[in-house]
Structure formats: structure tokens, C-alpha cells
1. Taking the stretch 132-144 only, how many residues are farther than 12 Å from residue 181 by Cβ, part of a helix (DSSP H, G or I) and either in contact (Cβ under 8 Å) with a residue 60 or more places away in the chain or not hydrophobic (A, V, I, L, M, F, W, C) (or both)?
2. Within the stretch 118-129, is there a residue that is farther than 25 Å from residue 51 by Cβ, among the acidic types (Asp, Glu) and assigned to a loop (DSSP other than H, G, I, E, B)?
3. Considering only residues that are outside any strand (DSSP E or B) and touching a Gly at 6+ places or on another chain (Cβ under 9 Å), look in the stretch 14-30 and name the one that is surrounded by the most Cβ atoms within 10 Å (Cβ to Cβ).
4. Give the stretch 37-51 a look and list any residue that's touching a helix residue (DSSP H, G or I) at 6+ places or on another chain (Cβ under 7 Å) and either at pLDDT 95 or above or assigned to a helix (DSSP H, G or I) (or both), or say none.
5. Within the stretch 168-187, can you find the residues that are within 21 Å of residue 48 (Cβ to Cβ) and either under 14 Å from the mean Cα position of the chain (by Cα) or assigned to a helix (DSSP H, G or I) (or both)?
6. From the set of residues in the stretch 52-67 that are part of a loop (DSSP other than H, G, I, E, B) and touching a strand residue (DSSP E or B) at 6+ places or on another chain (Cβ under 6 Å), which is surrounded by the most Cβ atoms within 10 Å (Cβ to Cβ)?
7. Quick one: residue 147 ticks every box in (1) without any contact (Cβ under 8 Å) to a residue 60 or more places away in the chain; (2) closer than 24 Å to residue 46 by Cα bar one, so which box is it?
Amino acid sequence: MLSVRQLCKSFSGPRAKTVLRDISLDLVAGDFVAVMGESGIGKSTLLNLIAGLEQPDSGQVLFDGVDLCALDDDALTLVRRKHMGFVFQAFHILPYLTVAQNVALPLALNGAPNASSRVAAMLEAVKLGERGDSLPRELSGGEMQRVAIARALVHKPRLVFADEPTGNLDPESARDVLALLRECVKAEGAGGILVTHSMAAAKTADRTYLLTQSELRPA
């Protein structure tokens, strides 16, 4: 499903440096893998490159055989909208929409009919079936991240990216959210990439890779 080949990325300027060098990674449907490393090492940059949010200096990101690095911005937007889901540390839940309305956003963007049944099913999956009419201010941090997971998966993406998704949560909530994220990704038959600096978080993955000094290797 996903084949990353020899990605390289450098940043220029007064503090120019090479962040990623010859990074390769393969992912099949049902895989849930973790990329672990210290803060600032390039984990989020790697996710952004794979998702087409940034362009590499060289290398390929092959999604179902199509090189995403060769697509223009409009084509990349369509790929992300239809085939990718994102869970971030900061939740990015819209405060003026209800829980159900937040979860429904990807379906609305894709023009999907009969969204209500799918939204209800995802809220049940993340154990928030009774909270669809709640506003974000009424939720705990862990509950808001569950909303983010439901929103990331509601349109049945092929790839799910999670960037330090438990960074703002207490340890107990973090364990619950990570278990739920893995469970939902597997249940939907998607592939998942989690980036984290936490060994505890990385242990929830099927495989863990360590990113150090521009090198990605199995941990």
C-alpha cells in the first residue's frame, strides 16, 4: 500500500541542516507502526513528507504505486481528503461544532450521503455514543482525542497518521487513547503510522522504528 523510498530533506538558512537522509519504509493494510525518536529529530517532518504536506529534496512516496511527490497540490489534496486521516497532539476540534458535527467534517468535504449513520457508528467505536450533541468544552482531553480518532477514521481512509497524539494527556488517558487508536485502525483495515518520543506509546505498535541522526532503523 505504501512504499517510502530514500527520502531526503534538508532545511536551508543560518542553521541549515539535513533532517532526513535516505529514509525508506513499507506499510501494508492492517499495519500499525511507530516511529520513535527525540523531539526535533524529524519525526513530524517525515509524516508531513509521506502525507504530501511537504516536498522532499529527493526520494519517492509510492501510494498504491503512485508517486505522491510527483502530484500537484490539487491532486495531493484529493488524495489526503479521500484516503488519509490525521490525529494531532493538539486535537484541532472546532469549538463551535458539536461532537457529531466535528466527526462528520471529512464526510461533508467528500460529499458523502447518509453521513449520520457512519458518524454514529464511529462515535460508538470510540465509546462516545451518547456524546454526539456535546460541545468540545464539555469534554475531557481524553474524550476530545477520541473525537479526533473518530473524525480521522469516519471516511474510511487507507492511511492514518498520528503525530504525538497523547502528548497533552495524562498517562491513564494516554494508554486508553493509544489502545483505542490501534483498535480502530485495525478494525477499519487501514494502515497507521504513529510518531512519538515515548517508548510506552511505541509499544502499542506492531513494529517500531527508531529515527536517529537522519537514520531510520528497526528498534
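1. So the count comes out to 5.
2. Within the stretch 118-129 (the criterion being farther than 25 Å from residue 51 by Cβ, among the acidic types (Asp, Glu) and assigned to a loop (DSSP other than H, G, I, E, B)), the answer is no, since none of the residues qualifies.
3. So in the stretch 14-30, the residues outside any strand (DSSP E or B) come out as 14-16, 28-30.
Pick out the ones that are also touching a Gly at 6+ places or on another chain (Cβ under 9 Å) and you get 28-30.
Numbers: 28: 9, 29: 12, 30: 14.
Only one residue fits best here, namely 30.
4. Just the residues of the stretch 37-51 that are touching a helix residue (DSSP H, G or I) at 6+ places or on another chain (Cβ under 7 Å), to begin with: 37, 51.
Of everything in the stretch 37-51, just one residue is touching a helix residue (DSSP H, G or I) at 6+ places or on another chain (Cβ under 7 Å) and either at pLDDT 95 or above or assigned to a helix (DSSP H, G or I) (or both), namely 51.
5. 181, 185
6. Keep residues of the stretch 52-67 that are part of a loop (DSSP other than H, G, I, E, B), which gives 52-57, 64-65.
Filter once more, so that each one left must be touching a strand residue (DSSP E or B) at 6+ places or on another chain (Cβ under 6 Å): 56-57.
On the way: 56: 21, 57: 14.
It comes out as 56.
7. (2)
Matching residues to (1) among the polar types (S, T, N, Q); (2) more than 25 Å from residue 10 (Cβ to Cβ):
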site	(1), (2)
39	yes, no
42	no, no
47	no, no
56	no, no
60	yes, no
121	no, yes
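The values are calculated or read from the model by the stated rules, or taken from the named source; none is laboratory data. In this text, all values refer to a predicted model and were calculated from it rather than measured experimentally. Quick reminder, even Gly has a Cβ in these numbers, built from the backbone with ideal geometry, and neighbours come from all protein chains shown.
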